[in-house]
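Right, one structure below, let's go through it.
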Amino acid sequence: MTVYTSPYPAVPVPDDEYSPNAPAFIDAASGKTISRSEWRDLTLSLAWGMRHELPKLGGVAITRGDVVMVFSPNSIAWPVVLFAGIAAGLRMTLANSSYTARELEHQWTDSGAKVVFVHPALLPVVLEMFKHLDVDLTAARRKIVVLDWPFREPGLGDFLRLDDLLGKGALKDEEKFPGELANETVLVCYSSGTTGKPKGVMTTHRNLTALMGMVDTVYPRDGTSQVMLGALPFYHIFGAIKLLHFPFTRGMPTVVMQKFDPVDACKWIEKYRVSDMLVVPPMCLIFTHHPAVGQYNLKSLKFLLSGAAPLGAPLVNALAKRLKSVGTNIIVSQGYGLTETSPTSHMLPVHDAMRKIGSIGPLLPNLEARLVNDDVDDAAVGQPGELWLRGPSIMKGYLNNVEATTNAITPDGWFKTGDVAVIDEDGYYAIVDRRKELIKYKGFQVPPAELESVLLQHPDIVDVAVIGVVSEEEATELPRAYVVSKNGLAPHETKAFGESVQEWIKPRVARHKFLRGGVVVVDVIPKSAAGKILRRELRERAKAEGVA
Ligand code: 4UW
């Protein structure tokens, strides 16, 4: 007998590997665990509740294609709500949990959301939003479901709660999202793209199923990936997909942290024997020097994957050195992606991680890339060009915004990332610049246009431009505003005015948009003949001021 075997390593077969009783999501602080089968039952039960129970209980009726918002810090209720909505054929719009009422209002109205699933602590923000929108409390109650599950919050009054929708039935197969609707939108996360205010990114079923397979080919398969730490926010595409969707396909539980804290993270790594952690560069920086790293047993930690902002070689080396000094056998890798690309397009494979430091790795399978320079010609190897991507994980477009979609995706399907990259002889990419307006504070999007329109509401500001400046100490960019004051200020008055503007904006925007890079008073904002802000000039100016 001659038996031939495949040259490829064996892959786990889900049915053999993943017991229904294995944990799917674990609440880090309490240890409360949802198993894979419980998660499935809860999801189908909530999907039924969303479609059939909500109107019976006095809530608004929602049906296939309707938009539903989730507004909550991380919790184990998150995956239940997210996947129930998807199963029920709804479009889930995920809102940043530090949004002010005004910011939330933009997403609520723009997405046309009908119901919001809200964490009890954020209920006041939602109520304030409805007040702005002139929705009275009785009507608002019909649109709100409070997420105080599985931990009951007393004293909330008679709002609908997640519990009310559970245990009444289970979504039947024939009601589930049908296969022919693969190109239907399931997620509407917000991104400002290359310019302007945040827009709803239409991510489809097909985008996500494609992405799972694409990531699977590069994600470590050597058996070391056992437990994921869920420290990134689930409302951001990076967390939603790489912490809620992907680990589940691998049978890895996600240990859910309500929010990132370095001491807690070390504590949970030790307690739950966490092997994998997805991070943004500022978290890497914290781990290079935080004392908690030496106070807990982190030996289970095998794989750190950073994304959402550039991770340079010095930081990778410092982090690897520190984590190795406390006995881990750590690999630090980097990925790249955008909300519009569902999200990962590049990832540095494990075997290259410590060899190609600073690179984002090769293109994932099923994608094509171009590097286009200013003349719409393609850049040569080693030369910078704007990264364009094409493939099954590229968004369908921006919700209700044909103009923005047309600007972002060419007629033959190329999505323009607005990032400038180079490719080396081995086919590895590095991000070297950003052509779009976007600022990233610790991985969060800060659209300059949004801050500019808020600042123009200041009674003493007549013109403004916002740019990002780099802080090496915090491994992030910081938003910095250049403002023209209505009243010509004497030189000795400008500093105090700038500081007052930094304070003025705080109650008006989410924390990640605070003007941490400073406010500078100028006589005039540099603009092109067409009135476009010349941000490059301002970046030069910031450099001269010693901050960029
Ligand atoms: N280097 C330099 C990077 C990098 C980067 C992103 O908020 P969004 O729309 O989306 C994200 C998604 C990040 C992400 C998702 C999945 C994944 O596997 C992964 O790697 C582990 C990362 O951040 O912002 C998109 C913009 O963020 C910048 C870049 O400007 C991009 O257009 N960005 N990753 N490694 N810059």
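The values are calculated or read from the model by the stated rules, or taken from the named source; none is laboratory data. Just so it is clear, the model here is predicted, and its values are computed rather than measured. Counting neighbours? That spans all protein chains shown, and the Cβs are built from the backbone with ideal geometry, glycine included.
Of note:
- Checklist (1) part of a helix (DSSP H, G or I); (2) more than 18 Å from the chain's Cα centre (by Cα); (3) surrounded by 22 or more Cβ atoms within 10 Å (Cβ to Cβ) applied to Leu243, failing item: (2)
- Cβ-Cβ under 8 Å pairs, at least 6 apart or on other chains, the range 347-361 side in contact (Cβ under 8 Å) with a residue 40 or more places away in the chain and of a type in the set (Ser, Thr, Tyr), far side assigned to a helix (DSSP H, G or I) and more than 9 Å from the ligand (Cβ to nearest atom): Ser359/Asp352
- Whichever residue in the range 216-240 is farther than 23 Å from Thr93 by Cα and aliphatic (A, V, I, L, M) and, among such residues, is farthest from the ligand (Cβ to nearest atom): Val227
- Residue match in the range 453-466 (condition: part of a loop (DSSP other than H, G, I, E, B), modelled with pLDDT under 95 and on the phi < 0 side of the Ramachandran plot): no
- The helices (runs of 4 or more DSSP H) located wholly in the range 59-144 that include 3 or more residues which are at pLDDT 95 or above and either among the charged types (D, E, K, R) or on the phi > 0 side of the Ramachandran plot (or both) occupy 101-111.
- Restricting the range 292-315 to residues that are polar (S, T, N, Q) and not in a helix (DSSP H, G or I) leaves a set whose member that is surrounded by the fewest Cβ atoms within 10 Å (Cβ to Cβ) is Asn297.
- Taken over the range 250-271, the residue count meeting the criterion of being more than 16 Å from Leu304 (Cα to Cα) and touching a Gly at 6+ places or on another chain (Cβ under 9 Å) is 3.
- Of the candidates Gly193, Gly169, the single residue that is in a loop (DSSP other than H, G, I, E, B), under 20 Å from Lys396 (Cα atoms) and not hydroxyl-bearing (Ser, Thr, Tyr) is Gly193.
- Positions within the range 410-420 being near the ligand (Cβ under 9 Å from one of its atoms) and not hydroxyl-bearing (Ser, Thr, Tyr), in sequence order: Gly418, Asp419
- Filtering the range 479-500 for residues that are surrounded by fewer than 22 Cβ atoms within 10 Å (Cβ to Cβ), modelled with pLDDT of 95 or more and within 16 Å of the ligand (Cβ to nearest atom) leaves an empty set.
- Considered as a group, the residues in the range 188-212 that are among the small types (Gly, Ala, Ser) and near the ligand (Cβ under 9 Å from one of its atoms) include one that is surrounded by the most Cβ atoms within 10 Å (Cβ to Cβ), and that residue is Gly193.
- Hey, Gly397 buried (at least 20 other Cβ atoms within 10 Å of the Cβ), within 20 Å of the chain's Cα centre (by Cα), farther than 18 Å from Asp374 by Cα and away from the ligand (no atom under 13 Å from the Cβ) or not: yes
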